[in-house]
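Here is the structure we will look at, set down as structure tokens.
The values are calculated or read from the model by the stated rules, or taken from the named source; none is laboratory data. What you see is a predicted model, and the numbers here were worked out from it, not measured in a lab. All Cβ positions, even for glycine, are placed from backbone atoms using ideal geometry, and neighbour counts span all protein chains on display. All accessible areas refer to the heavy atoms of the entire protein, side chains included, with ligands and DNA or RNA removed. Shrake-Rupley method; radii C 1.70, N 1.55, O 1.52, S 1.80 Å.
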Amino acid sequence: MLVSMKDMLNNAYHEHYAVGQFNINNLEWVATVLKTAKENRSPAILGVSGGTIKHMLGFNTIHAIVKNAMDYLDIDVPIALHLDHGQSYESCFAAINAGFSSVMFDGSHLPFEENLEITKRIVDYAHKRGVSVEAELGTIAGSEDGIVNSQVIYADPHQCLTMVKETNVDCLAAALGSTHGLYKGKAKLGFNEMQHISNLIKIPLVLHGGTGICDEDMLHAISLGTAKINVNTENMYTWCVAVGKLFAEQKDHDINDPRKVINHGLSPVAEKITERMKLFGSVNRY
């Protein structure tokens, strides 16, 4: 069964490893993440973005696909189905009502007090139903589902503490230099600020924009209290490259089975996910 992120992230936080969020895009993507998690005995978080909600025909359809896929594959490691970057309490409530086990409210673009009040309302609704909640403060640069931020604004430590104390969120995405999408040059994370915020709030931190951050920096972030790391762009890029090569190599032959094309691209994605799980330290935890 699906579980909230609360226990899996608290375990990771206290034992100094991280759980990967791997965004899903279709049925085959769901199966790839689930099978890879089971093979590696690792917890995993299936991330669902706003674009995916439309592409996969709504919260109820996504939940039904994931639930039935878990039953079919006999998944016996902790899996959370998580709304990524929910933009309103209505979208978070809709995900919860459809059976999602976790939601993120991204109120980082709002005035702090408004972000705080909406997050508090969502946490109250979610926790009564056994659902975990992730909040965000600061601005993560890059593009996510058509929302573009041109600059990084670091999360304010005192706002982070207030958010955690007044809302009882389960984890916090505090913007500290990461970027959605592909990096231009080396990512520059604010480790001093991360350490300070981690010491203040004493709950799992979330690192968005995991693609392109070097292994050393990922491990450093985990040592400072980061227990959830979001990885999406590198998996999509890996799939596109693999499928592009397939068509280039077989340009003189008929390729007429989309199932084979999709799964051809997902084989290297599974390898990428395994690499991340090993780096994060989540392998053989269950």
Examine region 61-77 for a residue that is open to solvent by less than 50 Å² (accessible area, probe 1.4 Å) and closer than 18 Å to Gly210 by Cα, and state whether such a residue exists. no
Report, by residue number, each residue of region 238-258 that is charged (D, E, K, R) and under 33 Å from the mean Cα position of the chain (by Cα). Lys245, Asp257
Residues of region 259-286 that turn out to be modelled with pLDDT under 95 and open to solvent by 90 Å² or more (accessible area, probe 1.4 Å), as a count: 2
Qualifying residue in region 181-193 (condition: farther than 27 Å from Phe105 by Cβ, open to solvent by 20 Å² or more (accessible area, probe 1.4 Å) and in contact (Cβ under 8 Å) with a residue 60 or more places away in the chain): no
Hey, among the residues in region 1-51 that are part of a loop (DSSP other than H, G, I, E, B) and among the hydroxyl-bearing types (Ser, Thr, Tyr), which one's farthest from Ile96 (Cα to Cα)? Tyr17
Residue under question is Val77, and the condition is that it be closer than 23 Å to Met277 by Cα, in contact (Cβ under 8 Å) with a residue 40 or more places away in the chain and either assigned to a helix (DSSP H, G or I) or not acidic (Asp, Glu) (or both); does it hold? yes
Output the qualifying pairs, or none if there are none: Cβ atoms under 9 angstrom, residues six or more apart or on different chains, first residue in region 219-236 and without any contact (Cβ under 8 Å) to a residue 24 or more places away in the chain, second residue crowded, with 22+ Cβ neighbours inside 10 Å. none
Per-region count, region 199-213, residues on the phi < 0 side of the Ramachandran plot and open to solvent by 50 Å² or more (accessible area, probe 1.4 Å): 2
Looking at region 4-37, which of its residues are under 21 Å from Asn68 (Cβ atoms), among the aromatic types (Phe, Trp, Tyr) and open to solvent by 10 Å² or more (accessible area, probe 1.4 Å)? Trp29
Answer yes or no: is there a residue in region 231-249 that is surrounded by 12 or more Cβ atoms within 10 Å (Cβ to Cβ), of a type outside the set (Asp, Glu), touching a Pro at 6+ places or on another chain (Cβ under 8 Å) and within 24 Å of Ala18 (Cβ to Cβ). yes
Region 99-116: number of residues that are more than 18 Å from the chain's Cα centre (by Cα) and open to solvent by 10 Å² or more (accessible area, probe 1.4 Å): 6
